[in-house]
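The values are calculated or read from the model by the stated rules, or taken from the named source; none is laboratory data. The model shown is predicted, which means the values in this text are computed figures rather than measured ones. All Cβ positions, even for glycine, are placed from backbone atoms using ideal geometry, and neighbour counts span all protein chains on display. Note: areas computed on protein heavy atoms with side chains; ligands, DNA, RNA excluded. Shrake-Rupley method; radii C 1.70, N 1.55, O 1.52, S 1.80 Å.
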Amino acid sequence: MYLPFIGLIIFGNIENLILASQGVVQGVNPKILGGLSIIAVIIWLVIGTVATEVAIEYSSYITFIGGLAIVILGIQAIHDAIQNIKSNKMGEKNG
């Protein structure tokens, strides 16, 4: 029943890693970030459990949109990390 959403499950795990990376780069408190991540996972679990039967016919579209969102978030995370690395190196040179 859930097989059409396997790609989305994989993308969701990657998304959590990307968001955690962004939080670390921005200096967010890891306890708060972890708590918010757990809340988000629980919400998506409830939505997924309730809406799977309705959404199954749109699974290919949902997976594509989820994959596209992951690519965009990944690019943003890499960009932010590079900017942070550059600013830290500039600070070391000036300091």
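Could you tell me which numbered condition Leu36 fails, if it satisfies all but one of (1) open to solvent by less than 70 Å² (accessible area, probe 1.4 Å); (2) over 18 Å from Ile9 (Cβ atoms); (3) without any contact (Cβ under 8 Å) to a residue 24 or more places away in the chain?
(1)
Residue by residue through the range 80-95, note down the ones that are open to solvent by less than 100 Å² (accessible area, probe 1.4 Å) and of a type outside the set (S, T, N, Q). Can you show your working first?
To start, the set of residues in the range 80-95 that are open to solvent by less than 100 Å² (accessible area, probe 1.4 Å) comprises 80-85, 87-88, 91, 95.
Selection gives Asp80, Ala81, Ile82, Ile85, Gly91, Gly95.
Is it true that some residue in the range 25-32 is open to solvent by less than 50 Å² (accessible area, probe 1.4 Å) and either closer than 28 Å to Leu3 by Cα or modelled with pLDDT of 80 or more (or both)?
First, pick out the residues of the range 25-32 that are open to solvent by less than 50 Å² (accessible area, probe 1.4 Å): 25.
The next check asks that each one be either closer than 28 Å to Leu3 by Cα or modelled with pLDDT of 80 or more (or both); those that pass are none.
Looking for residues that are open to solvent by less than 50 Å² (accessible area, probe 1.4 Å) and either closer than 28 Å to Leu3 by Cα or modelled with pLDDT of 80 or more (or both), one finds none in the range 25-32, hence no.
Restricting to the range 40-58, and then to whatever is more than 26 Å from Gln26 (Cα to Cα) and among the aliphatic types (A, V, I, L, M), can you tell me which residue is surrounded by the fewest Cβ atoms within 10 Å (Cβ to Cβ)?
Val54
Please determine whether any residue of the range 59-75 is in contact with a Gly (Cβ under 7 Å, 6 or more places away or on another chain), among the aliphatic types (A, V, I, L, M) and open to solvent by 30 Å² or more (accessible area, probe 1.4 Å).
no
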